[in-house]
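Peer 1: One structure follows; several queries about it will come next.
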Amino acid sequence: MNTLQICLWGLQIGAIYGLIALAFVLVYKATKVINFAQGSIVMLTIYLCHAVISLGTFPIWAGLLLSAGVAIGLGLAINRLFMHPLVGQPLIAPVMVTIALLGLIQGLCIMVWGDIGGCRNFDPLGISAGALHIGQIVLLKPHTLGFIVTLVLFGLCALFFKYAKLGLGMRATAEDHQVAKVLGVPVMFVFAAVWALATLISLVAGFILGSMNGLELGIWQIGIKAIAVAIIGGLDSIPGALIAGLMVGVLEQLAGAYIDPYIGGGLMDVFPLIIMCIIIYFRPYGLFGLERIERV
Amino acid sequence: MGLPCGTFNAEYREDMAILRTRTHWGLAIAAIVLLFTLPSYLSNTWLIVANFIGIWIVAALGLSLLTGYCGQISLGQAGFMAAGAFSCAALVNYGGLSYWPALIVAAFFTGGIGLIFGIPSLRVKGFYLAIITLAAHFIILFVILHIPALQGTMGLNIAPPHIGSVTFDSHHNFFYLIMGVVIIMTIITKNIVRTKPGRAFIAIRDNDLAAEMMGVDVFRYKLIAFFICAVYAGLAGGLMLGYITHAHIDEYPFMDSVWCLGFLIVGGLGSVAGTIMGVVFLRVFSQLTYMYLAPLATLLMPAGMGTAGFGIGPFTYGLIIILFLIFEPRGLYHRWEIFKSWYRLWPFAY
């Protein structure tokens, strides 16, 4: 029974990893940029969301819509200011920019919200303390909400990429920028759309994370786990992100419950990275990633 | 690589020389004299900055060989420094060695750790490898934290190192030690680049498949690059330990690994002089930020709105690196080269 409980919690945590990995994979698929700043972006969107909600007394849905708008604006700004000037440069340049962005956003968050470690209570839906009891199993409300939202978002993404014109354009862009451009896909617009979508997903993930534990300045570190998850799933595979996220969540929780007591704790923080190192060694393109054959 | 006007290489020895002309020699000697009399002009604050610059130059030179010359991005340099510092402290505290042999052994031990994380470069490359080294940082710190003898949460202390009766316990004394190491490591790096492995690194960076076709053992040279990079990091970590006489994992945060890569970008990837310029520029800049910009930012922020003074450092660092990437991706060194070709022809335009 205990193991079942741990596995369920792992699935719920893993869904959040999968969600952040989804944002990561979307950016990678369209622009081939590995976004090391993903964790910081999650942190920034959720702090912005908190700021927007505590701005005034308007209904919660209005606050959420407004912060969604802010998040989309943030994504567009990142694309326009930092990514757009580097289109056509060797890939190392935009990737380095995201690495620098990691520091820049962290510094920004410390500057604005750094007092008392950036800790804030964040519970606009009033679900943080709630729990569902099913038999002997306890499911925390924010975690359960996160799980459901993640599944819905992945479903929407699947439909979007299959049927929407913009989604098809994104897939074409992912395949080859030049060919897509020749065939009439507005590649620059797709880049902007992908960044906006990624920050929006980051906001959703951040919202759930904030509802789980409140806000603090260490939230960005979840981005590192998300990178590991994205790599395990295969960098360009959307279902891979979900499956790897769930897998890593369960394994991490099991490791935390059964190995941690013997070594003195803390394994949960690095376990995804260890799994990633092992998987990357045997399957360099991840579990579901597309293997690229190189030509000279 | 243009030579100064009127200078020709008549012999192979001249072609290989790092310092080619009399002016070069004069400038080099003047620079060394200036460097070693620096402590008498600098205040204590700037002496500390200079010492950290020296330590980071050693670490950045190693990363420059791996990233700038061999093209393998590494996000684990601070982790390797931690490994060097802790292994050095453990050898001094438990192995009964004195500081100097412990420093050498720790550097090579760190090199071994670098090899372990270099092995995946057989299968993966590019940014996948960057992510492995990112994992390396966290895994190394995790392991350090979980070896009880290393007291990761408390840290290990050592006595200040000494040679004979000279103890390196003041900023002033340590400056000479660090700068000595920096000069030796710079010369070594400059020469590694010109050896067979150095040329192999550059071939791998430019096109690894083509390099392999031409008979370069890519995997072997990648491992060598990882090893050298980690040895430098271990040495830097050991120096850091000797300087602050304390090893603690909080001194090696992940962001330091990122900034180490930033030094290379700002200075210019693939040049030894550029690496040094990058470290000096960013560290001096961050000190100026800390001294002048941070109080200003705190003043400008509305009261109770956070800690602008702490955040401004990473914020400006990140901003500078991004600006360099967008506007001068070849770094300060490229600007220096342009300046050099200008003054060599001065007063003529070309």
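The values are calculated or read from the model by the stated rules, or taken from the named source; none is laboratory data. Here the structure is a predicted model, which is why all the values come from computation and not from measurement. Counting neighbours? That spans all protein chains shown, and the Cβs are built from the backbone with ideal geometry, glycine included. Accessible surface is based on the protein model in full, side chains and every heavy atom, while ligands, DNA and RNA are left aside. Shrake-Rupley method; radii C 1.70, N 1.55, O 1.52, S 1.80 Å.
Peer 1: When you take every Cα atom in the protein assembly as shown, what is the radius of gyration, and what is Dmax, the widest Cα pair distance, in Å?
Peer 2: Looking at the protein assembly as shown, its Cα Rg and Dmax stand at 25.7, 90 Å.
Peer 1: Moving on to the next point. Non-local amide H neighbours of A:Leu287 (under 5 Å, H modeled in plane, Pro and chain starts lacking H): which ones?
Peer 2: Excluding prolines and chain starts, which carry no amide H, the hits are A:Gly233, A:Gly234.
Peer 1: Sticking with this one: Between A:Met268, A:Met247, A:Met111, where does the largest GNM mean-square fluctuation fall for chain A, given springs only between Cα atoms within less than 10 Å?
Peer 2: A:Met111
Peer 1: Also: What chymotrypsin sites (Phe, Trp or Tyr not before Pro) does region B:64-104 have in DSSP loop regions with at most 12 other beta carbons within 10 Å?
Peer 2: Loop-located and lightly packed - B:Tyr94.
Peer 1: Using modelled amide H (1.01 Å from N, peptide plane; none on Pro or chain starts), what sits under 5 Å from the amide H of B:Gly268, excluding residues fewer than 5 places away?
Peer 2: Those qualifying (amide H under 5 Å, at least 5 residues apart or on another chain) are B:Leu332, B:Tyr333.
Peer 1: Right, another one. Can you give me the C-alpha center-to-center distance between region A:79-105 and region B:177-252, rounded to a whole angstrom?
Peer 2: After rounding, the separation between the Cα centres reads 26 Å.
Peer 1: How far is the Cα center of region B:274-295 from the Cα center of region A:174-213, in Å?
Peer 2: Value for the Cα centre distance between the two parts: 35 Å.
Peer 1: Here's something else I'd like to know. I'd like to verify something in chain B: which complete DSSP H helices, judged by Cα projection on the helix axis, reach 18 Å or more and average at least 0.5 on the Kyte-Doolittle scale?
Peer 2: Correct list, ordered by number: B:22-41, B:44-63, B:77-93, B:99-118, B:127-146, B:171-194, B:218-244, B:254-267, B:272-288, B:308-327.
Peer 1: Just need the Rg to Rh number for region B:43-272, please, alpha carbons only, Kirkwood Rh.
Peer 2: Ratio value, two decimals: 0.98.
Peer 1: Let me ask you something else. Of the accessible area of the protein assembly as shown, with the probe set at 1.4 angstrom, what percent is carbon plus sulfur?
Peer 2: 70 percent
Peer 1: So if I average 1/r over every pair of distinct C-alpha atoms in chain A and take the inverse, what Kirkwood radius in Å does that give?
Peer 2: 19.7 Å
Peer 1: Okay, next question. Pull up the cross-link candidates among the aspartates and glutamates for B:Lys125, meaning alpha carbon to alpha carbon under 19 Å and not fewer than 8 places away within one chain.
Peer 2: Here the aspartates and glutamates satisfying the reach criterion relative to B:Lys125 are A:Asp236, A:Glu291, A:Glu294, B:Asp206, B:Asp208, B:Glu212, B:Asp217.
Peer 1: Moving to a separate point now. Considering the zone a paramagnetic label at B:Ala149 would reach in this model (a point 7 Å from Cα along the Cα-to-Cβ line), which residues of region B:49-91 have amide N under 13 Å from it?
Peer 2: Once the point is set 7 Å along Cα→Cβ of B:Ala149, B:87-91 turn out to lie under 13 Å by backbone N, inside region B:49-91.
Peer 1: Sticking with this one: Total accessible area buried between chains B and A, 1.4 Å probe, in Å² to the nearest 100?
Peer 2: So the buried area, both faces added, is about 4200 Å².
Peer 1: Take the residue pairs A:Lys29/B:Lys190; A:Lys32/A:Lys225; A:Lys165/A:Lys225; A:Lys29/B:Lys196 and return only those whose Cα atoms are more than 29 Å apart.
Peer 2: A:Lys29/B:Lys190; A:Lys165/A:Lys225; A:Lys29/B:Lys196
Peer 1: Among B:Ala89, B:Ala236, B:Ala210, which one shows the highest mean-square fluctuation when chain B is modelled as a Gaussian network with alpha-carbon springs under 10 Å?
Peer 2: B:Ala210
Peer 1: I've got another one for you. Between B:Asn191 and B:Thr37, what is the spin-label point distance in nm, taking each point 7 Å from the Cα along the Cα→C-beta axis?
Peer 2: 2.9 nm
Peer 1: Tabulate in residue order the Karplus-calculated ³J(HN,Hα) for region A:122-131, using 6.51 cos²θ - 1.76 cosθ + 1.60 with θ = phi - 60°, rounded to whole Hz; enter x for Gly and Pro.
Peer 2: Per residue, the Karplus-derived 3J(HN,Hα) values read 9, 8, x, 8, x, 10, 4, 8, x, 8 Hz.
Peer 1: Can you give the longest stretch of chain A with no exposed loop site, where a site means trypsin sites (Lys or Arg not before Pro) in a DSSP loop (not H, G, I, E or B) with at most 11 other C-beta atoms within 10 Å?
Peer 2: A:1-291
Peer 1: Here is a further query. Calculate, for region B:200-280, the solvent-accessible area per residue in square angstrom, rolling a 1.4 angstrom probe over the heavy atoms of the protein chains.
Peer 2: Per-residue value: 30 Å².
Peer 1: Continuing with the same structure: Please sort through the DSSP H helices of chain A and keep those with an alpha-carbon extent of at least 18 Å along the long axis and a Kyte-Doolittle average not below -1.0.
Peer 2: Once both thresholds are applied, what remains is A:2-31, A:38-53, A:60-78, A:92-113, A:141-163, A:187-213, A:238-258, A:267-282.
Peer 1: A follow-up question, please. Subtract the Cα-Cα distance of A:Val182 and A:Leu290 from 0.36 nm times their separation in residues, and report this length gain in nm to one decimal.
Peer 2: Separation in residues times 0.36 nm, less the Cα-Cα distance, equals 36.5 nm.
Peer 1: Another question, then. Can you list residues whose amide H is under 5 Å from B:His246's amide H, if they're 5+ apart or on another chain and H is modeled 1.01 Å from N?
Peer 2: Residues meeting the criterion, in which the H sits 1.01 Å from N, are B:Ile158.
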